[in-house]
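The structure appears right after this line, and notes come after that.
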């Protein structure tokens, strides 16, 4: 990989900052709509279907690259193309002759550069991030692209000049997940299989799509050719995006079923976007041969050796790192867990590690009950982002103690992969901001991080803010992390944990991005060979609470789906949920914890009502605005018509 001085200067500056719908196509016979096989009934005693064991062969990886390259040649551009499997293993990175070695991330609207804004990044890293995004955001019930990601992470939803006054995207902030510094995400060098990390987190730049076989997600393809790693701020037009066209060509023969593409899924009544380029607009690429494709496989330090095309792992197998749980690991027969590739559960259910910090830590038996009850709520819940309608929600559930140590991770069989890392981020975030330690640990962190504590205390008019007086869910903390407060209202000030709107874009959100910018800089230096040391497995400069570990080892998350856990009014941990709509995630965490603690007894509970962050009122001009704690969905369950299921709890 070529290494330019521009890139290294950008990385150096970053590190320094851290220290202070489809129709029939004409593309060679592809239909543009992958098959949607009739689902087989779930096994007796289960409610979820398990995805069939499908995977990409080396020949199929070569075909995907060859098709994408053929489209690039037809458009007279040179591209870098990456292919991954469903759990993020990089199967190939291919550079066409003349492909640019780097891409540039946009600066802020006012031209300033903060966090990842303005950075020049390796093209291979951008392509890998796009491929992982397509694979990780998708499932057998929904197919999302990196354009879909752009649609749901911006300051207004949908993002457009005419949508001012609307709230932010439902997955606002999700781009800062799957980070290269995450302690959960596996690395190519550590012997663990999946889910793998992404060099740039999730991508909002068009040109990343999922790959399907027989209705099953088997991976993703990502492309960078235009030299800009950005996002689409206006969904009212249709872009002629060359990256997107090339990547879409790579999916020919591996298309997502039409019925589950993002444009068949709505959020708050708005149809999402899958692609601005349709299959009929592509060249005849089917049957393109990898053997006759000009270019070369390129190595990417920490991700791919460049020695040849690799075959993908079949999701659900031990080799994929995500598999069905044994009865001893989890009682529910639908449960899936993370595995180390040799049969051992990476995150078995256990008791809290914080006996020296809290009077009575969560026990292993209590952790198991909480996870079981949250899983039961999920199994009954009506999905938001899955087709067909009235599908069951599928998510990942994570539980942590006050030190941020994992007490168990469990998921449904076909939950999107991105939710694994995100559910853990959410659990840790709710725990952290609800703790007496939050302010002191942020104040002890370098760079500009301490300023966010000062801003929060001023904004809330509370000099003791972030010292445990209030319980913060991710929804509540997210309210304070938007570039407008209240969320979406143009002309209002930014929340204290956010950048001002003139300095904001998806590459610099505020405290969330400031916490991990140094780790990102170190990792990109490692990828390009400018540094021999990779980023450590902790995504912040927070003080360590145990050897080598902080309370936020995979960063924070700022969209809903988590609540803190209390025992007799004292914080003992957090639960996080991710993989479906944000109200569904909220309900599964909040109601699952309520049911679990009622069953477990011992004084465990949701946060006392008087402590919840929705008791915080902020003066905005001549009115008062209350933070929100959780929102539970309308008609939430498939087996009952009950409404307001979270009311009064």
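The values are calculated or read from the model by the stated rules, or taken from the named source; none is laboratory data. What you see is a predicted model, and the numbers here were worked out from it, not measured in a lab. Cβ coordinates were reconstructed from backbone atoms using ideal geometry, including for glycine residues, and neighbour counts include every protein chain displayed.
Which residue is surrounded by the most Cβ atoms within 10 Å (Cβ to Cβ), if the candidates are limited to the range 156-176 and must be touching a strand residue (DSSP E or B) at 6+ places or on another chain (Cβ under 6 Å) and in a loop (DSSP other than H, G, I, E, B)?
Applying the filter and picking the extreme gives 170.
Any residue in the range 446-468 that is farther than 16 Å from residue 435 by Cα sitting within a Cβ distance under 6 Å of a residue that is surrounded by fewer than 16 Cβ atoms within 10 Å (Cβ to Cβ) and modelled with pLDDT of 95 or more? List the pairs, counting only those 6 or more apart or interchain.
Pairs that qualify, where the first residue is farther than 16 Å from residue 435 by Cα and the partner is surrounded by fewer than 16 Cβ atoms within 10 Å (Cβ to Cβ) and modelled with pLDDT of 95 or more, are 450/443.
Scan the range 593-603 and give yes if some residue there is at pLDDT 95 or above and crowded, with 24+ Cβ neighbours inside 10 Å, otherwise no.
Yes.
With the structure loaded, tell me whether residue 404 is within 18 Å of the chain's Cα centre (by Cα), crowded, with 24+ Cβ neighbours inside 10 Å and in the same structural domain as residue 562 (by TED's automatic domain parsing) or whether it fails that test.
Criteria not met by residue 404.
Do we find a residue being assigned to a helix (DSSP H, G or I) and touching a strand residue (DSSP E or B) at 6+ places or on another chain (Cβ under 9 Å) anywhere in the range 321-340?
no
Of all residues in the range 231-250 being within 23 Å of the chain's Cα centre (by Cα) and in a loop (DSSP other than H, G, I, E, B), which is surrounded by the fewest Cβ atoms within 10 Å (Cβ to Cβ)?
Here the answer is 234.
Mind listing just one residue for me: the one in the range 118-140 that is crowded, with 24+ Cβ neighbours inside 10 Å and in a loop (DSSP other than H, G, I, E, B) and, of those, farthest from the chain's Cα centre (by Cα)?
119
Identify the residue in the range 184-210 that is surrounded by 22 or more Cβ atoms within 10 Å (Cβ to Cβ) and out of contact with any helix residue (DSSP H, G or I) (no Cβ under 7 Å at 6 or more places or on another chain) and, among all such residues, is farthest from residue 153 (Cα to Cα).
Top of the filtered list is 186.
Looking at residue 150, is it buried (at least 23 other Cβ atoms within 10 Å of the Cβ), part of a loop (DSSP other than H, G, I, E, B), modelled with pLDDT of 95 or more and not assigned by TED's automatic domain parsing to the domain that holds residue 500?
In short, no.
For residue 609, are the conditions met, namely being more than 14 Å from residue 433 (Cα to Cα), out of contact with any strand residue (DSSP E or B) (no Cβ under 9 Å at 6 or more places or on another chain), surrounded by fewer than 24 Cβ atoms within 10 Å (Cβ to Cβ) and assigned by TED's automatic domain parsing to the domain that holds residue 516?
Taking the combined requirement at face value, the residue satisfies it.
Residues that are surrounded by fewer than 21 Cβ atoms within 10 Å (Cβ to Cβ) and either touching a strand residue (DSSP E or B) at 6+ places or on another chain (Cβ under 6 Å) or assigned to a loop (DSSP other than H, G, I, E, B) (or both): does the range 255-266 have at least one?
yes
Which count do you get for residues in the range 382-397 that are touching a strand residue (DSSP E or B) at 6+ places or on another chain (Cβ under 7 Å) and within 15 Å of residue 423 (Cβ to Cβ)?
Residues that pass the stated criteria total 4.
Kindly provide the set of residues from the range 619-635 that are buried (at least 19 other Cβ atoms within 10 Å of the Cβ) and touching a strand residue (DSSP E or B) at 6+ places or on another chain (Cβ under 6 Å), ordered by number.
Result: 629, single match.
Please note which strands (runs of 3 or more DSSP E) are completely contained in the range 548-641 and include at least 2 residues that are under 29 Å from residue 358 (Cα atoms).
562-567, 570-578
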